[in-house]
């Protein structure tokens, strides 16, 4: 009823989640879960915990523009909130990137507004995993941290024909290895205009 889910690619469902492709037509539901433990630094160090990353910035906004079609204004404020405490440049953005025509367009417009001509690498991991709804935020935070630790950027998959709107944006369409990633930004923008942005940084003792 909301018109947010893909239906054009039922004959090749594994490639239906295609953020930034000109023929994208909605998201593909996935499943799963994830857990990140957030702990005060000195407490983690005292118990000898392995520290995967630091949260150095976060933003949370609401815009209430539409149930399923975001305005982009809340996303702009959210990313700017998160970036306000981060002095170093962002190396990679894990977008919300659901493969909906309007949602992808609004988020990329917000990224252009926030980063201007200094945009970092961009991918949507939902093109590889689908959209796990309430679990998507934590899963994509984990993917972002794993890429930072492993020094690679996974591709935005299934882009057969890039939407001309995104032509000049640094969307990664083929995996990049030996990537220097020290700071990553992960967006999660939900129905009803609820927005969250987290910025993770490589931990150095």
Test residue 31 against the stated conditions and say whether it is modelled with pLDDT under 95, surrounded by fewer than 12 Cβ atoms within 10 Å (Cβ to Cβ) and at negative phi. yes
Go through (1) out of contact with any strand residue (DSSP E or B) (no Cβ under 6 Å at 6 or more places or on another chain); (2) at pLDDT below 95; (3) under 15 Å from residue 19 (Cβ atoms) one by one and return the number of the condition residue 124 breaks. (2)
Scanning segment 87-119 for residues that are in contact with a strand residue (DSSP E or B) (Cβ under 6 Å, 6 or more places away or on another chain) and not in a loop (DSSP other than H, G, I, E, B), which turns out nearest to residue 5 (Cα to Cα)? 94
So residue 62 fits all but one of (1) in contact with a strand residue (DSSP E or B) (Cβ under 8 Å, 6 or more places away or on another chain); (2) free of Cβ contacts under 8 Å to residues at least 60 places away in the same chain; (3) surrounded by fewer than 21 Cβ atoms within 10 Å (Cβ to Cβ); what number is the exception? (2)
Here the residues within segment 140-161 that are under 14 Å from residue 127 (Cβ atoms) and out of contact with any strand residue (DSSP E or B) (no Cβ under 7 Å at 6 or more places or on another chain) are 157
Sort out which residues of segment 40-59 are surrounded by 12 or more Cβ atoms within 10 Å (Cβ to Cβ) and in a loop (DSSP other than H, G, I, E, B), and write them in order of number. 49, 51, 52, 53
Can you pull out every residue in segment 148-205 that is closer than 26 Å to residue 16 by Cα, part of a loop (DSSP other than H, G, I, E, B) and without any contact (Cβ under 8 Å) to a residue 40 or more places away in the chain? 154, 155, 167, 168, 173, 174, 175
Can you confirm whether residue 127 is farther than 23 Å from residue 202 by Cα, outside any loop (DSSP other than H, G, I, E, B) and within 12 Å of the chain's Cα centre (by Cα)? yes
Within segment 173-192, is there a residue that is touching a helix residue (DSSP H, G or I) at 6+ places or on another chain (Cβ under 9 Å), more than 11 Å from residue 92 (Cα to Cα) and at pLDDT below 95? yes
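The values are calculated or read from the model by the stated rules, or taken from the named source; none is laboratory data. What you are looking at is a predicted structure, and each value in this text was computed from that prediction instead of being measured. Note that each Cβ is placed from the backbone with ideal geometry, even for glycine, and that neighbours are counted across all protein chains shown.
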